[in-house]
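**Student:** Dropping the structure in here first, questions after.
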Amino acid sequence: MEHKKFQMDYITLHTKHTTYQMGITESGFLLHLYYGPKAQGELGSLLTFADRGYSGNPYELRDDRTFSLDALPQEYPNYGNGDFRSPAFRLRDDSGVFGTDLRYESHRMIPGKYRIPGMPAAYAEEESGSCLKETRNSKYTAAYTLEVTLTDARTDIEVRLLYGVFPELDVITRCAVVKNAGNSTVFVNKAYSMCLDFLTGTYDLIHFHGRHAMERNFERIPVISGTQSFGSIRGASSHQHNPFFILADREATEDFGDCYGVSLLYSGNFKFEAERDQYCQTRVQIGISDEMFDYRLEPGEEFHTPEAALAYTPKGLSALSHIYHRLIRNHICRGFWKNRRRPILINNWEATYFNFTGKQILSIAREAANLGIEMFVLDDGWFGKRDDDSSGLGDWHVNEKKLGRSLAELSEEIHGMDMLFGLWIEPEMVNEDSELYKKHPDWAFVIPNKKPVMGRNQLVLDFSRKEVADFIFQEIAKVLDSIRVEYLKMDMNRSICDVYSALSGYQNYGKIMHNYVLGVYDFLERLHARYPRILIEGCCGGGGRFDAGMLYYTPQIWCSDDTDAIERIKIQHGTSFGYPISAVGSHVSAVPNEQTGRTVDIGTRAVCAMAGSFGYELDIGKLQAEEKAFVKEQILDYKKYWNLIHNGLYYRLHNPAKDREAAAWLFVSEDKSEALLNMISLDTHANAPAVYIRLKGLDAEKNYLIGDSGNVLNGNVLMHTGIAVPFHSGEYRAWQYHLRAL
Ligand code: DGJ
């Protein structure tokens with residue numbers, strides 16, 4: 001094939017170890033040239049040109065049949081310019097015609113990192129406000145923005161592509177802003193946050209699928225010819241699929257090989273697409289799902305896509321995870337608690353469900369306080385007529401009869417035990433059997449003349465309407481203002497359908513689901529601003545809305561309703577690829593486990609729960625004296641190691657799909673002076689070979705003292721041969737060894 005030298009202008013972004021380059025052709029097409037290890041120079045010569053049958057040519061280049069956008073890599077492909085692969089952008093005009101031809105107009109570099117109005121976005125430096133100044137400064141602060149403007153001559157649409165470059169983090173964020181600069185209404189029918197076109201290479205797609213109580217299972221599959229897609233139309237990012245994916249070289253491992261990550265900062269409907277085209281080129285893209293999306297834009301109006309955070313490393317999957325852990329911990333999570341040790345909590349849900357009295361609550365709290373637990377969280381059932389899930393949601397008045405006292409008194413009694421106090425809320429929902437629904441039936445998503453689909457006996461409030469979210473905010477604020485409270489668990493317990501907003505004209509139906517998400521973000525932003533010292537934990541029937549967008553408002557998220565320690569190994573393993581350990585809400589619960597019926601000892605339950613933001617969720621008074629003694633020790637251990645756990649480098653030392661005998665993971669301090677090894681035995685066999693766990697990330701030159709055993713092993717030996725799982729210990733036993741460099 002003949003290589004043509006093509007006249008182009010270039011836009012290049014560099015991070016410390018990566019380079020990203022696009023080229024602007026003479027006709028104004030914005031091509032994607034390169035994303036990979038640091039590179040110098042202009043890379044237009046990477047492109048190949050040939051006369052491709054059935055791949056059309058732009059009108060002005062019709063005499064050069066070697067130029068086709070159907071074959072060239074594009075930066076933000078739009079439907080209508082002759083690229084027949086899946087587009088990132090599709091527009092419909094007011095006469096129903098699809099088709100744009102976006103061309104380069106201008107670009108500029110802007111110091112600092114762009115923000116997105118009303119939506120989460122990674123930041124370089126946190127805005128100082130109230131207590132936010134107190135957070136520890138990250139060393140990765142500098143960032144800059146690239147803005148590239150494209151325009152479509154027919155519709156006068158302007159698309160601004162924004163890139164946030166974090167050089168020290170090796171992260172580039174992207175989003176797009178669509179402006180209707182014309183005189184008539186248009187509909188944004190598809191507008192993804194990012195697209196990456198690869199000229200060559202064979203890749204594996206790694207994604208995280210699951211279900212309620214078994215979220216974020218790791219799956220690695222080859223990218224095949226045609227299109228592969230996953231996403232959510234459930235109104236939340238979902239238990240079933242996660243808006244984070246990795247594109248890895250087929251040979252890439254945990255420790256080596258090209259890995260690209262993309263994390264979408266969005267908590268609603270989304271779609272991912274991978275496409276291997278007729279010339280074996282790969283396109284990956286992610287953004288708001290185009291299903292039931294059709295965003296009406298009046299002249300002068302703008303639409304912002306959510307942000308996607310991109311990272312590349314040639315050093316394998318662990319290194320990629322470390323990039324995302326740092327990014328999310330320091331540049332997405334915000335507020336008072338972002339770098340602080342979170343209080344060790346006890347939650348009453350699995351202890352009592354809806355069935356409790358104030359007296360029982362105080363008794364659990366007292367037992368917990370005696371063992372050193374630092375915060376009591378009162379879960380669902382404290383408000384309205386709520387003794388099961390059939391009623392009460394929407395009525396945010398304290399049920400003093402059930403509590404036998406006011407909530408303020410309960411909170412004071414708990415504070416009197418030297419504990420903090422936390423509360424559960426589910427603001428987005430309403431039961432038909434509630435005062436709120438009787439007064440405002442049109443505030444719920446229900447389609448006229450159609451019986452709504454029910455989920456957990458509840459309906460979804462229309463948070464795309466400001467007055468609805470405002471009312472709920474005021475009601476919940478009244479409660480929060482009347483008590484001492486340090487924590488909120490913000491839950492969301494059903495998927496959304498029957499999307500009908502009583503006040504929207506039919507031309508606005510394609511906006512409602514996105515506006516709903518904006519309503520939720522606004523609600524969270526207001527909570528964050530009004531109660532800056534309250535720690536908010538996200539939740540959605542466990543981990544059904546576990547995404548980087550949510551982590552902007554809630555620095556931790558209840559990872560799963562499955563509290564079985566052995567099941568959690570798999571869930572937390574998958575979660576760790578894209579999310580930091582500090583983000584993972586994880587609790588020790590009772591045995592036999594409520595979800596699986598499995599019994600494992602309290603040590604194993606604690607080792608699993610400590611790989612997260614740690615707590616308990618059981619009637620702690622029912623534990624044996626010996627178990628209570630363990631709990632006291634676990635609390636001291638967690639306090640001792642939390643910094644290593646939350647801020648250390650996390651290494652996955654097993655693969656749940658392959659390693660049947662043991663699970664293991666490791667935290668190593670950035671300076672390699674200490675580490676915390678966690679091992680759990682799984683299947684046990686008679687007369688079996690020893691199972692060695694090989695460590696990672698240690699200082700090869702140093703010797704490490706292993707726990708209080710007195711054993712000393714060299715870093716190289718620990719990484720080459722490892723530590724054996726003790727023999728004959730039975731299944732589901734746990735060991736936690738602290739290693740100190742000598
Ligand atoms: C679902 C959550 O995941 C649980 O932890 C609990 O808070 C219930 N909702 C309460 O209804």
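**Student:** Taking region 594-617 only, how many residues are away from the ligand (no atom under 16 Å from the Cβ), small (Gly, Ala, Ser) and under 27 Å from MET419 (Cβ atoms)?
**Tutor:** Qualifying residue count, region 594-617: 3.
**Student:** From the list SER267, SER363, which one is crowded, with 23+ Cβ neighbours inside 10 Å, in contact (Cβ under 8 Å) with a residue 12 or more places away in the chain and touching a Gly at 6+ places or on another chain (Cβ under 9 Å)?
**Tutor:** So the residue among SER267, SER363 that is crowded, with 23+ Cβ neighbours inside 10 Å, in contact (Cβ under 8 Å) with a residue 12 or more places away in the chain and touching a Gly at 6+ places or on another chain (Cβ under 9 Å) is SER267.
A quick yes/no check of all residues on (1) at pLDDT 95 or above; (2) touching a Cys at 6+ places or on another chain (Cβ under 8 Å); (3) part of a strand (DSSP E or B):
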| position | (1), (2), (3) |
| --- | --- |
| ALA675 | yes, no, yes |
| MET679 | yes, no, yes |
| THR684 | no, no, no |
| ALA700 | yes, no, no |
| LEU713 | yes, no, yes |
| MET719 | yes, no, no |
| GLY730 | no, no, no |
| ARG740 | yes, no, yes |
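**Student:** Something else: If I ask for residues that are within 16 Å of the ligand (Cβ to nearest atom) and either closer than 23 Å to ALA311 by Cβ or surrounded by fewer than 24 Cβ atoms within 10 Å (Cβ to Cβ) (or both), which ones from region 572-593 would you list?
**Tutor:** Within region 572-593, GLN572, THR575, ALA583, VAL584, SER589, ALA590, ASN593 qualify.
Per-residue answers, yes or no, for (1) of a type in the set (Asp, Glu); (2) surrounded by 19 or more Cβ atoms within 10 Å (Cβ to Cβ):
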site	(1), (2)
HIS415	no, no
MET429	no, yes
ARG456	no, no
ALA469	no, yes
GLU475	yes, no
SER495	no, yes
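**Student:** Hey, another quick one. Can you tell me which condition ALA308 does not meet? The list is (1) buried (at least 21 other Cβ atoms within 10 Å of the Cβ); (2) within 16 Å of the ligand (Cβ to nearest atom); (3) of a type in the set (A, V, I, L, M, F, W, C), and all the others hold.
**Tutor:** Only one criterion in (1) buried (at least 21 other Cβ atoms within 10 Å of the Cβ); (2) within 16 Å of the ligand (Cβ to nearest atom); (3) of a type in the set (A, V, I, L, M, F, W, C) is unmet by ALA308, namely (2).
**Student:** Right, something else. Inside region 594-626, can you point out the residues that are within 19 Å of THR352 (Cβ to Cβ), among the charged types (D, E, K, R) and surrounded by fewer than 23 Cβ atoms within 10 Å (Cβ to Cβ)?
**Tutor:** Result: GLU594, ASP619, LYS622.
**Student:** Further question on the same structure: Is there any pair linking a residue in region 471-487 that is free of Cβ contacts under 8 Å to residues at least 40 places away in the same chain to one that is surrounded by 17 or more Cβ atoms within 10 Å (Cβ to Cβ) and assigned to a helix (DSSP H, G or I), with Cβ under 9 Å and at least six apart or on different chains, and which?
**Tutor:** Pairs that qualify, where the first residue is free of Cβ contacts under 8 Å to residues at least 40 places away in the same chain and the partner is surrounded by 17 or more Cβ atoms within 10 Å (Cβ to Cβ) and assigned to a helix (DSSP H, G or I), are PHE471/LEU436; PHE471/TRP443.
**Student:** Looking only at region 355-383, which residues are more than 19 Å from ARG484 (Cα to Cα) and within 13 Å of the ligand (Cβ to nearest atom)?
**Tutor:** ASN355, PHE356
**Student:** Of all residues in region 54-95, count the ones that are more than 36 Å from the chain's Cα centre (by Cα) and either under 27 Å from SER229 (Cβ atoms) or of a type in the set (Lys, Arg) (or both).
**Tutor:** Looking only at that region, the number is 6.
**Student:** Could you say whether any residue in region 498-517 is within 16 Å of the ligand (Cβ to nearest atom), within 28 Å of the chain's Cα centre (by Cα) and part of a loop (DSSP other than H, G, I, E, B)?
**Tutor:** No, because not a single residue in region 498-517 is within 16 Å of the ligand (Cβ to nearest atom), within 28 Å of the chain's Cα centre (by Cα) and part of a loop (DSSP other than H, G, I, E, B).
**Student:** Filter region 278-292 down to residues that are assigned to a loop (DSSP other than H, G, I, E, B) and within 22 Å of the chain's Cα centre (by Cα) and give me whichever is surrounded by the fewest Cβ atoms within 10 Å (Cβ to Cβ).
**Tutor:** Here the residue is GLU291.
Residue by residue, here is whether (1) at pLDDT 95 or above; (2) assigned to a helix (DSSP H, G or I); (3) closer than 30 Å to ILE361 by Cβ holds:
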position: ALA408; (1), (2), (3): yes, yes, yes
position: GLU412; (1), (2), (3): yes, yes, yes
position: HIS415; (1), (2), (3): yes, yes, yes
position: GLY422; (1), (2), (3): yes, no, yes
position: PRO427; (1), (2), (3): yes, no, yes
position: LYS438; (1), (2), (3): yes, yes, yes
position: PRO452; (1), (2), (3): yes, no, no
position: SER464; (1), (2), (3): yes, no, no
position: ASP470; (1), (2), (3): yes, yes, no
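**Student:** For region 486-494, does any single residue satisfy the condition of being away from the ligand (no atom under 16 Å from the Cβ), more than 22 Å from the chain's Cα centre (by Cα), over 27 Å from ARG334 (Cβ atoms) and at pLDDT 95 or above?
**Tutor:** No; the residues of region 486-494 include none that is away from the ligand (no atom under 16 Å from the Cβ), more than 22 Å from the chain's Cα centre (by Cα), over 27 Å from ARG334 (Cβ atoms) and at pLDDT 95 or above.
**Student:** Can you tell me which residues in region 436-454 are exposed (fewer than 15 other Cβ atoms within 10 Å of the Cβ) and within 14 Å of ASP395 (Cα to Cα)?
**Tutor:** Residues satisfying the conditions are LYS438, LYS439, PRO441.
**Student:** Look through region 538-555, keep the residues that are hydrophobic (A, V, I, L, M, F, W, C) and either in contact with a Ser or Thr (Cβ under 6 Å, 6 or more places away or on another chain) or over 30 Å from GLU731 (Cβ atoms) (or both), and return whichever of them is farthest from the ligand (Cβ to nearest atom).
**Tutor:** ALA548
**Student:** Within region 384-409, track down each residue that is more than 13 Å from the ligand (Cβ to nearest atom) and of a type in the set (Lys, Arg).
**Tutor:** LYS385, LYS401, LYS402, ARG405
**Student:** Residue check, PRO656 against (1) modelled with pLDDT of 95 or more; (2) touching a helix residue (DSSP H, G or I) at 6+ places or on another chain (Cβ under 8 Å), all met but one. Which one?
**Tutor:** It fails just one condition, (1).
**Student:** Condition test on GLU147, is it without any contact (Cβ under 8 Å) to a residue 60 or more places away in the chain, assigned to a strand (DSSP E or B) and in contact with a Leu (Cβ under 6 Å, 6 or more places away or on another chain)? Explain how you work it out, then say what you get.
**Tutor:** Values: without any contact (Cβ under 8 Å) to a residue 60 or more places away in the chain: yes; assigned to a strand (DSSP E or B): yes; in contact with a Leu (Cβ under 6 Å, 6 or more places away or on another chain): yes.
Against the criterion (without any contact (Cβ under 8 Å) to a residue 60 or more places away in the chain, assigned to a strand (DSSP E or B) and in contact with a Leu (Cβ under 6 Å, 6 or more places away or on another chain)), GLU147 qualifies.
Each row is one residue, and each column tells you yes or no for (1) under 15 Å from the mean Cα position of the chain (by Cα); (2) not hydrophobic (A, V, I, L, M, F, W, C).
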residue	(1), (2)
VAL178	no, no
SER184	no, yes
GLY201	no, yes
LEU205	no, no
ILE221	no, no
GLY231	yes, yes
HIS241	yes, yes
PHE244	yes, no
ALA248	no, no
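**Student:** Moving on to the next point. Which pairs do you get when a residue that is at positive phi, found in region 660-672, comes within reach of a residue that is at pLDDT 95 or above and among the aliphatic types (A, V, I, L, M), reach meaning Cβ atoms under 7 angstrom, with the pair 6+ apart or on two chains?
**Tutor:** LYS672/LEU698; LYS672/ALA741
**Student:** Mind listing just one residue for me: the one in region 327-348 that is part of a helix (DSSP H, G or I) and either buried (at least 23 other Cβ atoms within 10 Å of the Cβ) or among the polar types (S, T, N, Q) (or both) and, of those, nearest to the ligand (Cβ to nearest atom)?
**Tutor:** ILE328
**Student:** Taking into account only those residues within region 556-571 that are in contact with a Gly (Cβ under 8 Å, 6 or more places away or on another chain) and not β-branched (Val, Ile, Thr), which is farthest from the ligand (Cβ to nearest atom)?
**Tutor:** GLN556
**Student:** Looking only at region 618-640, decide whether some residue is under 28 Å from the mean Cα position of the chain (by Cα), within 16 Å of the ligand (Cβ to nearest atom), farther than 27 Å from VAL691 by Cα and at pLDDT 95 or above.
**Tutor:** Yes, region 618-640 has at least one match.
**Student:** Just for region 650-681: of the residues that are basic (Lys, Arg) and more than 24 Å from the chain's Cα centre (by Cα), which one is surrounded by the most Cβ atoms within 10 Å (Cβ to Cβ)?
**Tutor:** In this case the residue turns out to be LYS672.
**Student:** What are the residues in region 367-406 that are part of a loop (DSSP other than H, G, I, E, B) and of a type in the set (S, T, N, Q), if any? If you could, list the steps in order and put the result at the bottom.
**Tutor:** In the first step, residues of region 367-406 are kept if they are part of a loop (DSSP other than H, G, I, E, B); the result is 372-374, 379-382, 384-390, 392-397, 399, 404-406.
Residues satisfying the conditions are SER390, ASN399, SER406.
The values are calculated or read from the model by the stated rules, or taken from the named source; none is laboratory data. These numbers were taken from a predicted model, which means no experiment stands behind them. With ideal geometry, Cβ positions are generated from the backbone for all residues, glycine too; neighbour counts draw on all protein chains shown.
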